[in-house]
Amino acid sequence: MDETNTLYQERLKKLASFKGLRLYEKPVVPYGGRFERSGSLSEIVSAFEEGKKVKVAGRLMALRRHGKTGFADLRDQTGKLQLYIKEETVGGEAFAFFEKLDIGDIVGAEGSLFKTKTGEPSVRVERLELLSKNLRPLPEKWHGLKDVETRIRQRYVDLLMSEEVRSVFVLRSRLIQKMRHFLDKKGFLEVETPMMHPIPGGAAGDPFKTHHKTLDMELYLRLAPELYLKKLLVGGFEKVYEIAKSFRNEGISAQHNPEFTMLEAYAAYWNYEDMMIFMEEMIATLVEGLLGTTKVKFGNLPEIDFAPPWRRFSFTKELKDIFDIDPGDSEKEMIQKLKKRKESAHLELKENLTRSQIVNLVSDLVAPHADKPVFVIDYYTAISPLAKSKKENPDVAERFELFVGGMEVANGYSELNDPVEQMKRFETQADGDASKIDGDFVKALEYGMPPAAGLGVGIDRLTMLFANQRSIREVILFPQLKPEK
């Protein structure tokens, strides 16, 4: 039997020993109920007043016993506070109970504030209550474990033992909060659209499929909320946004999780140039509000400065200059030209040029500009089926993608609002399979959608940048993992 299991068995016995035990003339309840606190531990410390009576609660993170006195470090979400327990003050019954407690137990305590000789704020305990008995011993050096998967699988322990990990998710929450505030101030209306779609659309990718029993129909977890949000533009809303989950039944990597969080925003009467300017202002405002600076350190890359304006990088021009590829080339011609250049040797090109290969190629091309965010513009219309084409060149779309630190973080474009052209593109994509065409979206466009621009931002990747985390698993509380064997 290993040490952890031995301690677990010992704590189970200790839990059983509480049965029938009384404290303050009441039965001890190892898993108590409501406990009214005077405030969070940080609030109590910041408003410290010698001799003030307080009620505190939290988890015991350290215990030090010295004969008939004892000290304990109590911690809650906001901070920590020391407890001082003396048998003479609490009585023999309560002190004996204190001696039964373990690190990891959640307790409530009542007493008066004082400072020790070293000036540490403490509570001189008068009453003690067990609120939740810990059965599994906490790891001593959890954050130092080499088994990253175990740490992420048991995220609750990871959070419990590491202030650094907790701070990442506090930052993520504040990022979303500030993003909402920014959008609301700019006149955008937050909306909710369906998570289950009858036809997977709005983005490229493989969907997750499910079945609705009552309707007896196949449904798909959404790839993106785009088509529903644009229907709202048809319906008369001029600025809308949604922050919610999307799903892709694809690979898992340092930058990909099958379930991820996105912001999608749409503004009537804008074009993609307006949306790029808006994007610059929003992200710069967010990073400065969160970190107090527009400059961010990300891995071993040069410091990234988010202060506008950001660089523009023409996809069409670069592919022409480096690979001699023209927007009107067939996919076969593009692949043949790519194969001739060493810059694309890592793409493992076959018959089809995939979106991920294009993204990887673009990442390589913009890598030298990693000290600033880069808007990659002038994508081909052929790989932008929902974007409006440029008037002067129908083969090039009014589209951008934002790359920061080598990652694609956002995608946006002037929205195609021509129903006839949209149907043609859907039919090309469907390759003869009419069930893949979202006819209701085309019908909505036929009622008239105002010219508009749209934006999609990966919240997880933006958090990675701001929190200096190289893996998406470090910014998602519970990422997808294989089941334990």
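Data overview
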| quantity | calculated |
| --- | --- |
| Inter-label distance, nm, simple model (7 Å from Cα along the C-beta direction), residue 166/residue 443 | 5.3 |
| Per DSSP, loop GluC sites (Glu not before Pro) in the range 241-343 with at most 16 further Cβ within 10 Å | 250, 303 |
| Computed FRET value (nearest 0.05) for residue 150 with residue 206, which takes r as the C-beta separation and R₀ as 30 Å | 0.55 |
| Assigned charges on the beta-carbon of Lys, Arg, Asp, Glu; the range 102-244 dipole about Cα centre (debye) | 340 |
| Accessible area in square angstrom per residue, the range 339-463, 1.4 angstrom probe | 46 |
| Per-residue SASA entry for residue 407, accessible area with 1.4 Å probe, Å² rounded to 10 | 0 |
| Relative contact order [Cα under 8 Å, 6+ residues apart], the range 31-151, whole percent | 26 |
| Loop-located GluC sites (Glu not before Pro) in the range 1-99 whose Cβ has at most 13 other Cβ within 10 Å (DSSP) | 25, 36, 49, 50 |
| Gain on full stretching of the segment that runs from residue 430 to residue 277 - 0.36 nm per residue minus C-alpha separation | 51.7 nm |
| Solvent-accessible surface (1.4 angstrom probe) belonging to residue 314, in square angstrom, nearest 10 | 30 |
| Cβ-based charge dipole, the range 339-485, positive-most Cα from 464, 447, 411 | 464 |
| Globularity index of the range 62-135, i.e. its alpha-carbon radius of gyration over 2.2 N^0.38 Å | 1.03 |
| For the range 425-466 versus the range 247-305, the gap between their alpha-carbon centres in whole angstrom | 19 |
| Distance (nanometres) between label positions extended 7 Å along Cα→Cβ at residue 216 and residue 116 | 7.2 |
| Gain in span if fully extended, residue 485 to residue 173, counting 0.36 nm per residue against the direct Cα distance | 109.0 nm |
| Pair residue 421, residue 52: separation of 7 Å Cα→Cβ label points (nm) | 6.5 |
| Whether the range 145-295 is rounded, prolate or oblate, judged on the alpha carbon gyration tensor where a/c under 1.5 counts as rounded | oblate |
| Estimated dipole of the chain in Debye, rounded to 20 [Cβ of Lys and Arg +1, of Asp and Glu -1, Cα centre] | 2120 |
| Cα gyration tensor, the range 211-275 - rounded (a/c under 1.5), prolate or oblate | oblate |
| Rounded, prolate or oblate (a/c below 1.5 giving rounded, otherwise prolate when a/b exceeds b/c) for the range 250-389 by Cα gyration tensor | prolate |
| Relative contact order (%) - criterion: Cα under 8 Å, at least six apart; region: the chain | 12 |
| Ratio Rg/Rh [Cα only; Rh per Kirkwood] for the chain | 1.09 |
| Trypsin sites (Lys or Arg not before Pro) lying in DSSP loop within the range 362-431, provided at most 10 other Cβ fall within 10 Å | 391 |
| Accessible area of residue 85 in the full protein assembly, 1.4 Å probe (Å², nearest 10) | 10 |
| Stretch gain in nm, segment residue 61-residue 345, where the contour uses 0.36 nm per residue and the Cα spacing is subtracted | 96.9 nm |
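The values are calculated or read from the model by the stated rules, or taken from the named source; none is laboratory data. Note that this is a predicted model, so its numbers are computed, not measured. Glycine gets a Cβ as well: all are built from the backbone with ideal geometry, and neighbour counts include every protein chain shown. For accessibility, only protein heavy atoms count, side chains too; no ligands or nucleic acids. Shrake-Rupley method; radii C 1.70, N 1.55, O 1.52, S 1.80 Å.
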